[in-house]
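What follows is a set of notes on a single structure, which appears directly below.
The values are calculated or read from the model by the stated rules, or taken from the named source; none is laboratory data. On a predicted model such as this, the values are computed, not experimentally measured, just so you know. Cβ coordinates were reconstructed from backbone atoms using ideal geometry, including for glycine residues, and neighbour counts include every protein chain displayed. Accessible surface areas use protein heavy atoms only, side chains included; no ligands, DNA or RNA. Shrake-Rupley method; radii C 1.70, N 1.55, O 1.52, S 1.80 Å.
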Amino acid sequence: MQCMKYLYIDESIDGAFFVVGGILTDSENDLFLAYSQFKKQILNIPLTRKQKEKITYEFKSALLDRIYPRIKRKLLYKLSTLNCSIVYSYKALQHKLNQTDKEKLYIVMLSDIIKSIKDDVVVVTFDSFGNSRFENLIIREMSKIQNVKSIRKEESFNNKGLQFADNVCGVIRKHLSNRDYDNYFEIIRNKTLEIQSKKPDINV
């Protein structure tokens, strides 16, 4: 019997680090249930209707970090209770990447993450870049990996797993940059698994 895994992937970058990572689970249903439970928790927080609508439309890392740290903390605690892993790879940067080098680096790191998964079948979902050429390249290259059953792009506002992935990638990047002033990484530390990635043929 094949063991199915679901991988939801996002990325986060600043001047010092580029992180590719996300959520790896063997149960989409458990992940979606956790999302629904978390969303109900938010509806019970004393906020205006407009605020609740804005937050729950998409649990966007940048918004939660900037304005709603209490909600960000609740999201991470919910993730910490799930039967899932937070997998990631990163590169320290010496300079700002141009688009071509960023794409090469993303491809290498995502490939190494997928290849580290020992299960028979992996379904990969990555956040849309709005760049069909690059998205098609991702799909083509990842489809070459033997245990990839399917790979698809989706908009994060429409995908629960990608919203979780967005939030953990930002936390990991800030942790690496020593800017995790709210100690978010400590909430998910026991779930995280760093994947060592080979250096691509670019000067990062």
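Observations on the structure shown:
- Cα-Cα separations in the chain greater than 21 Å, expressed as whole percent: 51 percent
- Percentage relative contact order, segment 70-163, counting C-alpha pairs under 8 Å, at least six apart: 25 percent
- Put a dot 7 Å past the Cα of residue 43, heading toward its Cβ, do the same for residue 95, and the two dots end up 5.2 nm apart.
- Linear extension gain, residue 178 paired with residue 83, 0.36 nm per residue minus alpha-carbon span: 31.4 nm
- In the chain, the sites counted are trypsin sites (Lys or Arg not before Pro) in DSSP loop states with at most 16 other Cβ atoms within 10 Å, and the longest stretch holding none of them, exclusive of the sites, is 1-95.
- The solvent-accessible area of residue 186, taken with every protein chain present and a 1.4 Å probe, is close to 100 Å².
- Lys/Arg +1, Asp/Glu -1 at C-beta; the chain dipole; positive extreme among 150, 192, 48: 48
- Taking the chain as a Gaussian network of alpha-carbon nodes connected by springs under 10 Å, the highest mean-square fluctuation of the residues 126, 18, 32 belongs to 32.
- Within the accessible surface of the chain, defined with a 1.4 Å probe on protein heavy atoms only, the carbon and sulfur portion equals 46 percent.
- Per-residue SASA entry for residue 63, accessible area with 1.4 Å probe, Å² rounded to 10: 20 Å²
- Taking all Cα pairs closer than 8 Å and separated by 6 or more residues, the relative contact order of segment 5-72 comes to 20 percent.
- Between 0 and 90°, nearest 10: helix 28-43 axis offset from the chain longest Cα axis: 40 degrees
- Each helix, a run of at least 4 DSSP H residues, gives -39500 (n - 2.57); summed and divided by the residues of the chain, these come to -14500 deg cm²/dmol at 222 nm.
- R0 of 41 Å, Cβ-Cβ distance residue 66-residue 29: FRET efficiency to nearest 0.05: 0.85
- Filter on 96/174; 39/60; 102/198; 149/191; 40/72; 96/160 - keep pairs with C-alpha separation over 19 Å: 149/191; 96/160
- Mean-square fluctuations from a GNM of the chain, with a 10 angstrom spring cutoff on Cα atoms, peak among 131, 29, 178 at 131.
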